[in-house]
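Peer 1: My questions all concern the structure below.
Laboratory data are not the source of any read-out in this text; all were calculated from the coordinates shown. All of these numbers come straight from a predicted model, not from anything done at the bench. Cβ placement follows ideal geometry from the backbone for every residue including glycine, while neighbour counts extend to all protein chains displayed.
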Amino acid sequence: MYTSLFAAICAVGLCMSTERLVLNTIPPLYSGLHLLVFCSTLLVYNAHYLIKKSTPELSDRFGWSQHHRLWHYLLMGIGIAGCGIAAFHLPQNILLVCVLLAVLSFSYSIPLLPFKDKKRLKDFGWIKILVLTTVWTIVTSVLPILYHNSTIADYPYEIMIRFVFMFTLCVAFDIRDMQTDMEAGIATLPNMIGIKGSYRVMSVSMILFIVMSIIQYTRYPSLPRLIAEIIVAIATKLAIDYARKHPSDRAYLGLVDGMMMLYAVLVLWQ
């Protein structure tokens, strides 16, 4: 989990769950898109944790990163190599979108913005969560649709479902980072509306997740997929409640992030 290998696998799984809808069959495990998604996730997240500031007392992952920096460099190298290979197997429209996503992803952690005090996207509380949610949504829903030469307008609810799902998970991680963000002067959603308000927002998001899943069912009838999405909504609520009572990096990275893997497995298993 601390190497971001698990997050990369989850990202590929979410891509495949969208492809399952578009193709109406289980997609092949290997493709240029999957290689790009897996390797770019490794690259971006390991670069992020190389420069992230925290203390071992607040984050077990930060302590691990301090003692295993070589792993981050190694996985970043693998990520760069994999992205380079994948680029030769992807159409131009996918590559153009990926360039924009790369700029957003690296601007999130690295001080690239031309402002005096706030040089990273994560320094802007509301922008931070919207950018992170949007990038994950585009990578795991929009790119698979484009990759298979389908039209985005044919799958609007799949994109919205993915957005509210990732938004819920991102709010949970913002709650985990409340103290660090507060000390850095970053006005994230939990620091603005409080913990109780943030949990209400997540509950509303998951209700929207179920509502949009039902609407999508009327367009693309698949009862197993609908049941899978309802199970994921319930499991996500339970996972977030557990992480609230037992906060730790392992609970968030393994259980809360694990909801992405549960989503993928249940949808593909249908």
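Peer 1: If a paramagnetic tag sat 7 Å from the Cα of Ile51 along the Cα-Cβ line, which residues of the stretch 88-112 would have the backbone N under 19 Å from that point?
Peer 2: 99-112
Peer 1: Taking the Cα centre of the stretch 89-149 as origin and charging only Cβ (+1 Lys, Arg; -1 Asp, Glu), how large is the dipole, in debye to the nearest 20?
Peer 2: Value, rounded to 20: 240 debye.
Peer 1: Moving on to the next point. Nearest 20 debye, what's the magnitude of the dipole of the chain about its Cα centre given +1 on Lys and Arg Cβ and -1 on Asp and Glu Cβ?
Peer 2: Approximately 300 debye in magnitude.
Peer 1: What order do you get for Arg250, Arg20 when you list them from fewest to most C-beta neighbours inside 10 Å?
Peer 2: Lowest count first: Arg250, Arg20.
Peer 1: List every DSSP H helix in the chain whose Cα atoms extend 15 Å or more along the helix's own long axis and whose mean Kyte-Doolittle hydropathy is at least -1.0.
Peer 2: Passing helices, by number: 5-23, 32-51, 69-87, 92-109, 125-137, 156-176, 189-219, 223-245, 258-269.
Peer 1: Would you mind ranking Phe6, Phe167 by Cβ crowding within 10 Å, fewest neighbours first?
Peer 2: Phe6, Phe167
Peer 1: Between Asn93 and Leu223, what length in nm is gained on full extension when 0.36 nm per residue of separation is reduced by their alpha carbon distance?
Peer 2: Working it through step by step, the gained length comes to 43.5 nm.
Peer 1: Quick check on the exposure proxy: order Glu183, Glu158 from fewest to most C-beta atoms within 10 angstrom.
Peer 2: Glu183, Glu158
Peer 1: Given Cα pairs under 8 Å that are at least 6 residues apart, what percent is the relative contact order of the stretch 91-175?
Peer 2: Across the stretch 91-175, relative contact order equals 25 percent.
Peer 1: Below 11 angstrom from the Cβ of Arg219, what's the summed charge of the other residues (Lys, Arg +1; Asp, Glu -1)?
Peer 2: -2
Peer 1: Magnitude of the Cβ-charge dipole of the stretch 9-116, K/R +1 and D/E -1, about the Cα centre, nearest 20 debye?
Peer 2: With Lys and Arg at +1 and Asp and Glu at -1, about 240 debye.
Peer 1: Note the full-extension length gain between Ile234 and Thr25 as 0.36 nm times their separation in residues minus their Cα-Cα distance, in nm to one decimal.
Peer 2: Taking 0.36 nm per residue and subtracting the Cα distance, the gain is 72.7 nm.
Peer 1: Count the lysine pairs in the stretch 5-269 that are 8 or more places apart or on different chains: how many have C-alpha atoms under 21 angstrom apart?
Peer 2: Lysine pairs, 8 or more places apart or on different chains, close enough: 17.
Peer 1: Under the definition of Cα pairs under 8 Å and six or more residues apart, what whole-number percent is the relative contact order of the chain?
Peer 2: 22
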